[in-house]
Ligand SMILES: [Zn+2]
């Protein structure tokens, strides 16, 4: 299904690289190479009780690709980013930074914003990675949009507002598109720990 929609999107839209806008392929060779850079440890202001890794700074091509992921017609980009995510997990596993085969838990989004985008892009990228995915986290609808809030305000906004729909078995890696202050990841890891889950790391596509 996802593949079919991707093809329809490409028929309707002129093809441009989702990373740099260059006409031609969905992702040009240069952007594919940049996206293949290995993740590294980052240290957001709100630090969860797990290490946090990110693929790259929030700059192009990663920034453009994260924005493209949110567009309905860019399911093909989500699928490519699934492969990028899988490679990042392989890399961290090979270095012993995370245990092999951890289940991926997408960071929570506000229900309304996920619906508006036609499904949570982070969850779809996780699914496209071929790993086990447990979308058990959701934000309370009372949580305000995080944009424009500083670190303290974000933490206050999220306190007690991450809901958990089930406890995944085994080790968990929380996945998000962009880590800014770390407040969402911290609240997610806290909610998982409070319910007896075993979060071992967080992995974001970009660090702002
Ligand atoms: Zn490009």
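Within the stretch 84-106, identify whether any single residue is surrounded by 20 or more Cβ atoms within 10 Å (Cβ to Cβ), within 16 Å of the ligand (Cβ to nearest atom) and part of a helix (DSSP H, G or I), and answer yes or no.
yes
Among the residues of the stretch 36-43, is any within 16 Å of the ligand (Cβ to nearest atom), at pLDDT below 95 and either assigned to a loop (DSSP other than H, G, I, E, B) or buried (at least 16 other Cβ atoms within 10 Å of the Cβ) (or both)?
Yes, the conditions are met somewhere in the stretch 36-43.
Determine whether residue 156 is touching a strand residue (DSSP E or B) at 6+ places or on another chain (Cβ under 9 Å) and over 23 Å from residue 97 (Cβ atoms).
no
Please go through the stretch 117-160 and give me each residue that is in a loop (DSSP other than H, G, I, E, B) and modelled with pLDDT of 85 or more, ordered by number.
120, 129, 130, 131, 132, 134, 135, 136, 140
What number of residues within the stretch 26-35 are surrounded by 14 or more Cβ atoms within 10 Å (Cβ to Cβ) and either near the ligand (Cβ under 7 Å from one of its atoms) or part of a loop (DSSP other than H, G, I, E, B) (or both)?
Residues in the stretch 26-35 being surrounded by 14 or more Cβ atoms within 10 Å (Cβ to Cβ) and either near the ligand (Cβ under 7 Å from one of its atoms) or part of a loop (DSSP other than H, G, I, E, B) (or both): 4 in total.
Against the condition in contact with a strand residue (DSSP E or B) (Cβ under 8 Å, 6 or more places away or on another chain), at pLDDT 90 or above and within 25 Å of residue 167 (Cα to Cα), how does residue 86 come out, does it pass?
no
Can you tell me which residues in the stretch 44-63 are surrounded by fewer than 19 Cβ atoms within 10 Å (Cβ to Cβ), in a loop (DSSP other than H, G, I, E, B) and within 16 Å of the ligand (Cβ to nearest atom)?
59, 60
The values are calculated or read from the model by the stated rules, or taken from the named source; none is laboratory data. All values reported here derive from a predicted model rather than from experimental measurement. Counting neighbours? That spans all protein chains shown, and the Cβs are built from the backbone with ideal geometry, glycine included.
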